[in-house]
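Step one of this worksheet: look at the structure below.
Each reported figure results from applying straightforward, stated rules to the coordinates on display, with no laboratory input. Treat the numbers as computed from the prediction; the structure is a model and nothing was measured. Here the Cβ is made from the backbone with ideal geometry for all residues, glycine too, and neighbour counts use every protein chain on show.
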Amino acid sequence: MAECGIGNIHCIDLVDRILDYSRGAFELNLDEFLGFLEENQSQKPTRKQLRVLWKKGEELFERIDFNKNETLEPEEMMNSLILLTEGSPDDKIEAAFMIFDLNHNKCLEWNELLRYFHNVCNMVKRNS
């Protein structure tokens with residue numbers, strides 16, 4: 001992740017940045033994901049660094065697009081990006097909450113809660 005420049009971002013900050021970048025949709029296609037990576041570098045990359053960033057970004061996108069629909073969805077972001085960024089376990093839970101609060105009312109409604117728990121169970125199952 002450090003090669004893509006987001007491994008040192010705090011998990012809650014990452015969610016905020018993705019929400020801002022995606023205008024609250026919290027879904028990114030490959031071009032949007034690469035644009036997000038480029039925009040969130042600590043300094044403007046050179047052309048050579050940009051080519052490396054795009055290559056690594058494409059590889060990362062392919063690995064975390066679990067359902068292969070060419071879109072990173074909230075579940076895929078939680079299962080990968082949130083877990084690979086900085087932050088305490090409580091911070092990561094808060095970041096996941098922010099992802100699954102689809103209507104951004106700071107409350108998980110029943111369908112959002114089911115989606116969240118389904119995703120957490122799948123994540124635990126994959127990691128055991």
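Here are a few things to note about the model shown:
- Under-21-angstrom lysine pairs by C-alpha in the chain, whenever the two are 8 or more apart or on separate chains: 8
- Projected label distance in nm at Trp110 and Glu58, using a 7 Å step from Cα toward the beta-carbon: 4.6 nm
- Degrees, to the nearest 10: 47-64 long Cα axis against longest axis of the chain: 30 degrees
- Annotation: extensible slack from Asn8 through Asp31 equals 6.1 nm (criterion: 0.36 nm per residue apart, minus Cα-Cα distance).
- With R₀ set to 22 Å, the beta-carbon distance separating Asp20 from Gln43 gives a calculated FRET efficiency near 0.65.
- Rounded tilt (10° steps) of 89-100 against the dominant C-alpha axis of the chain: 90 degrees
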